[in-house]
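Okay, structure first, notes after.
The values are calculated or read from the model by the stated rules, or taken from the named source; none is laboratory data. All figures in this text were calculated on a predicted structure; none of them were measured in a lab. FYI the Cβ positions are ideal-geometry reconstructions off the backbone, even for glycines, and counts take in every protein chain you see.
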């Protein structure tokens with residue numbers, strides 16, 4: 001499992017659902033319910049699976065005080081297309097470059 005976002009980035013796309021850190025837990029679960037099976041692991045962690053397929057998790061949601069505090073996306077399985085992997089890598093690298101630009105601007 002890999003962290004799916006830079007610390008400065010506060011939103012992430014899971015399927016077609018845009019999630020923002022700090023969103024109320026019930027709102028997150030309601031938005032994901034149409035596309036995904038979301039299963040509670042413990043008081044803070046929920047696993048997200050494709051609807052009707054529980055073989056491989058798409059990621060993990062973490063809630064603190066009933067608010068979304070972290071999202072972890074799994075990199076995928078052999079079923080994942082190469083183009084999806086390239087897009088995910090591009091997003092990670094872009095986020096890192098943006099963060100570095102922000103640090104350089106702040107230092108100037």
Next item on the list: Just one of (1) under 28 Å from residue 98 (Cβ atoms); (2) at pLDDT 90 or above; (3) surrounded by 15 or more Cβ atoms within 10 Å (Cβ to Cβ) trips up residue 14, so point out which.
Entry: (2)
Checklist line | Odd one out for residue 55 among (1) modelled with pLDDT of 90 or more; (2) surrounded by fewer than 13 Cβ atoms within 10 Å (Cβ to Cβ); (3) more than 25 Å from residue 91 (Cα to Cα) | finding: (1)
Next item on the list: Sort out which residues of the range 93-108 are in a helix (DSSP H, G or I) and free of Cβ contacts under 8 Å to residues at least 60 places away in the same chain, and write them in order of number.
Entry: 93, 94, 97, 100, 101, 103, 104, 105, 106, 107
Check: Just wondering, is there one or more residues in the range 67-82 that are at pLDDT 80 or above, surrounded by 13 or more Cβ atoms within 10 Å (Cβ to Cβ) and in a helix (DSSP H, G or I)?
Finding: no
Next item on the list: Filter the range 16-38 for residues that are free of Cβ contacts under 8 Å to residues at least 12 places away in the same chain and in contact with a strand residue (DSSP E or B) (Cβ under 8 Å, 6 or more places away or on another chain) and give the result.
Entry: 18
